[in-house]
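Student: Sharing a structure, written as structure tokens. Questions coming.
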Amino acid sequence: MPPGHASEAEFESRLSVEQARTRVLALCAERRLASESVALDHALGRVLAVDLVATHDQPPFANSAMDGFALRGAELPREGERRFRVAAQMFAGAPVDIGFGPGECVRITTGAPLPRDADTVVIKENVRLDGDAIVVGAGERVGANVRPAGEDIRAGEQALCAGDALTPARLGVLAACGHAHAQVARRPRVALFVTGDELVPPDQALGYGQIHDSNRYSLGGMLRGLGIEPEPVAHLRDDKEALRVALLEAARRCDLVISSGGVSAGEADYLPGLVAEVGRVHFWKVRMKPGMPILCGEIEGALVFALPGNPVSTLATFQLFVRPALLALQGSNEAGLPPRKARLAMPHMKRHERAEYLRARLEWRDDGACWATPLEKQGSGMLRGMADADALVALPEGACALEAGAVVDIVPLPGLC
Ligand code: AMP
Ligand code: MG
């Protein structure tokens, strides 16, 4: 064996996808990133580091849910009609409470505080104006159209949990609870490099045996989709010393190092041996297709994912292992969620033993179920199949014949809303 090459036997025997993921999550649990305070305008997608307990009611005061007239519900007519003199008006933002007498009402807008003597709002569409009064008919409900204080969130209630990813609505909850900043996990620092003597940039003419480097952009896109801007991407040749220097330098600066290519058992695949030399290999090769050669290790405390260079393998292994790792490093609750399910739209015969991840289109049909149609282009080098896919369909280990309608696990891909 050439020097620097690692035989598989030196490392653990291959793991299943589930074993490998469990391993990755355990490694990330030991490396949870510190938290920082971030202004809400910049906190979208970040992972909350602490529980949010409301310090005041939301809404903070009883208010009107509609534009109309606030009055005493006990005075509503049981039958016929009743006149109420409009004693005052109360708009949203009104600075003081307003009192009003028996037989009177207050014109009120949505969000305005309910006057202390009122318990009911009759919507303006349901009244007839008559000079300085309104006429209300029977059939109005006592207590209608009022939003009590705290009906959304009570003071002392836990409104958000540590590990929640900040969606637009959760940013809204933070703001409604009086927070202009969120305490969130620091973003992981990520180095990304692509390896291969055959790679040239997309704007360079192809020489003999050369291909355009696509992984740089698809992996960069995966990271940016998670809100992570990687360090400037380096292209490294299949040169052991250059790779050694790049790996070590990146590991010293970053929390996570991702490489593409050079991780199989070919003559110029130096990464497994190198990671073993300068760090530690946690696992190499997983019982899956595509993406079998993936390696997970560590160098100087940084996690290292060496992904296979085949563009589909690169993206599938990113989605299955690197994405959960990036989420888990930030303490996200999402990494541990159970898999999503869909029904297979056509029969599928699986003849090999490894778990398989088919590129598939999803469709929600009238039966309410999500149906997955595997795409034609399933080769691990066929980016087009990946580009057309909404999700990976996860077929479990072992040969099996799956019928149309079979329920399968799916792994959503970016772009699926
Ligand atoms: P490797 O994992 O280095 O053995 O590469 C496997 C296959 O993926 C080969 O056909 C490579 O040419 C191709 N490949 C490797 N890196 C890239 C890349 N950055 N962009 C596109 N294809 C790549
Ligand atoms: Mg290569």
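Student: For an R0 of 22 angstrom, estimate the FRET efficiency from the Cβ-Cβ distance between A88 and F61 and round to the nearest 0.05. The partial results should precede the final answer.
Tutor: Working: r = 17 Å, r/R0 = 0.79.
For R0 = 22 Å, the calculated efficiency reads 0.80.
Student: I've got another one for you. Just grab the label-to-label distance for S16 and A265, each label 7 Å out from Cα along the Cβ direction, in nm (one decimal).
Tutor: 2.3 nm
Student: Separate question: What's the magnitude of the charge dipole for the stretch 127-177 around its Cα centre, counting Lys and Arg as +1 and Asp and Glu as -1 at the beta-carbon? Answer in Debye, nearest 20. Before the final figure, lay out the partial values.
Tutor: Values: 5 positive and 7 negative charges, 21 e Å.
Its charge dipole is roughly 100 debye.
Student: How far apart, in nanometres, would the label points at E125 and E75 be if each is projected 7 angstrom from Cα along the Cα-to-Cβ direction?
Tutor: In this crude label model, E125 to E75 measures out at 2.5 nm.
Student: If you don't mind, there's one more thing I want to ask. State the extension gain, in nm to one decimal, for the chain segment bounded by A242 and Y217, taking 0.36 nm per residue of separation less the distance between their alpha-carbons. Intermediate values should be presented prior to the final figure.
Tutor: On the way: separation 25, 0.36 × 25 = 9.00 nm, distance 2.18 nm.
In short, 6.8 nm is gained.
Student: Let me ask another. Evaluated at 25 °C with a viscosity of 0.890 mPa s, what Stokes-Einstein diffusion coefficient in µm²/s does the stretch 97-141 have when Rh comes from the Kirkwood expression over alpha-carbon pairs?
Tutor: It comes out at roughly 210 µm²/s.
Student: Ok, one more. Please find the FRET efficiency linking D388 to A26, where r is the Cβ-Cβ separation and R0 is fixed at 35 Å, and quote it to the nearest 0.05.
Tutor: Working: r = 35 Å, r/R0 = 0.99.
Efficiency for this residue pair is about 0.50.
Student: Find, among the GluC sites (Glu not before Pro) in the stretch 349-379, those assigned to loop by DSSP (not H, G, I, E, B) with at most 14 other beta-carbon atoms within 10 angstrom.
Tutor: Answer by residue number: E353, E376.
Student: Follow-up question, since we're still on this one. Can you compute the helix-only [θ] at 222 nm over the chain? Use -39500 (n - 2.57) per DSSP H run of at least 4 residues, normalise by all residues, nearest 500 deg cm²/dmol. Let's see the in-between values first.
Tutor: Working: 8 runs with 75 residues, N = 417.
The helix-only estimate for the chain comes to -5000 deg cm²/dmol at 222 nm.
Student: Shifting gears a bit: Quick one: angle between helix 17-29 and the longest Cα principal axis of the chain, in degrees between 0 and 90, rounded to 10, please.
Tutor: The angle comes out at about 70 degrees.
Student: So what's the net charge close to L219: Lys and Arg +1, Asp and Glu -1, counting the other residues with Cβ under 14 Å from its Cβ?
Tutor: 0
Student: Separate question: In what sequence do C370, C400 fall when counting other Cβ within 10 Å, fewest first?
Tutor: Numbers: C370 17, C400 12.
The most exposed by this proxy come first: C400, C370.
Student: Residue farthest toward the positive end of the dipole of the stretch 263-416, with Cβ of Lys/Arg at +1 and Asp/Glu at -1: which of G309, V407, S380?
Tutor: Farthest towards the positive pole: V407.
Student: List the equivalent ellipsoid semi-axes of the stretch 220-372 in whole Å, largest first, each obtained as the square root of 5λ for an eigenvalue λ of the Cα gyration tensor.
Tutor: Values: eigenvalues 198, 72, 35 Å².
So the equivalent ellipsoid measures 31, 19, 13 Å along its semi-axes.
Student: Taking one equal scatterer on every alpha-carbon of the stretch 258-300, how large is log10 of I(q)/I(0) by Debye at q = 0.16 1/Å?
Tutor: Those come out to -0.37, one per q.
Student: Report the full-extension gain for the segment A399 to V96: residue separation times 0.36 nm, less the Cα-Cα distance, to one decimal in nm.
Tutor: Numbers: separation 303, 0.36 × 303 = 109.08 nm, distance 7.34 nm.
Extending this stretch completely gives an extra 101.7 nm.
Student: Considering only DSSP beta bridges with both partners in the chain, what is the antiparallel share in %, to the nearest 5?
Tutor: Working: 59 of 84 bridges.
About 70 percent, rounded to the nearest 5.
Student: Semi-axes of the equivalent ellipsoid of the stretch 159-235: what are they in whole Å, largest first, if each equals the square root of 5 times a C-alpha gyration tensor eigenvalue?
Tutor: On the way: eigenvalues 333, 25, 14 Å².
Semi-axes, largest first: 41, 11, 8 Å.
Student: Show me the three semi-axes of the equivalent ellipsoid for the chain, from the C-alpha gyration tensor (sqrt of 5 times each eigenvalue), largest first, rounded to whole Å.
Tutor: Values: eigenvalues 718, 127, 64 Å².
Computed over the chain, the values are 60, 25, 18 Å.
Student: Also, quick follow-up: Could you tell me which trypsin sites (Lys or Arg not before Pro) in the stretch 71-114 are loop residues by DSSP with no more than 10 other beta carbons within 10 angstrom of their beta carbon?
Tutor: Values: sites: R72, R78, R82, R83, R85, R107; in loops: R72, R78.
Sites meeting the loop and neighbour criteria: R78.
Student: Provide T120, T110 in ascending order of the number of other Cβ atoms located within 10 Å of each residue's Cβ, fewest first.
Tutor: Working: T120 24, T110 15.
Ascending Cβ contact count within 10 Å gives the list T110, T120.
Student: Further question on the same structure: Find how much the distance from A169 to E300 grows on full extension, using 0.36 nm per residue of separation minus their present alpha carbon separation; answer in nm with one decimal. Working shown, then result.
Tutor: Values: separation 131, 0.36 × 131 = 47.16 nm, distance 3.88 nm.
Gain in length upon complete extension: 43.3 nm.
Student: Net charge near D119: determine it from the other residues with C-beta under 13 Å of the C-beta of D119, scoring Lys and Arg +1 and Asp and Glu -1. Working shown, then result.
Tutor: Values: positive: R72, R116, R141, R147; negative: E75, D117, E140.
Combined, the nearby Lys, Arg, Asp and Glu give +1.
Student: Here is a follow-up. Step through the residues of the stretch 36-46 one at a time and calculate ³J(HN,Hα) from phi using the Karplus curve (6.51 cos²θ - 1.76 cosθ + 1.60, θ = phi - 60°), rounding each to whole Hz and writing x for Gly and Pro.
Tutor: With the stated coefficients, the stretch 36-46 comes to 8, 9, 10, 4, 3, 4, 10, 9, 4, x, 6 Hz.
Student: Would you mind ranking F61, F283 by Cβ crowding within 10 Å, fewest neighbours first?
Tutor: Details: F61 14, F283 19.
Ordered from fewest to most neighbouring Cβ atoms within 10 Å, F61, F283 come out as F61, F283.
Student: Follow-up. Take the alpha-carbon centre of the stretch 260-308, take the same for the stretch 338-405, and report the distance between them in whole Å.
Tutor: 27 Å
Student: Dipole magnitude of the stretch 66-187 about its Cα centre, charges +1 at Lys/Arg Cβ and -1 at Asp/Glu Cβ only, in debye to the nearest 20? Don't skip to the end; give the middle numbers.
Tutor: Values: 15 positive and 16 negative charges, 79 e Å.
It comes to approximately 380 debye.
Read-outs: derived from the displayed coordinates by stated rules, not from any lab. For clarity, every value in this text was computed on a predicted model and none was experimentally measured. Ideal geometry is used to build each Cβ from the backbone, glycine not excepted, and the neighbour counts take in all protein chains shown.
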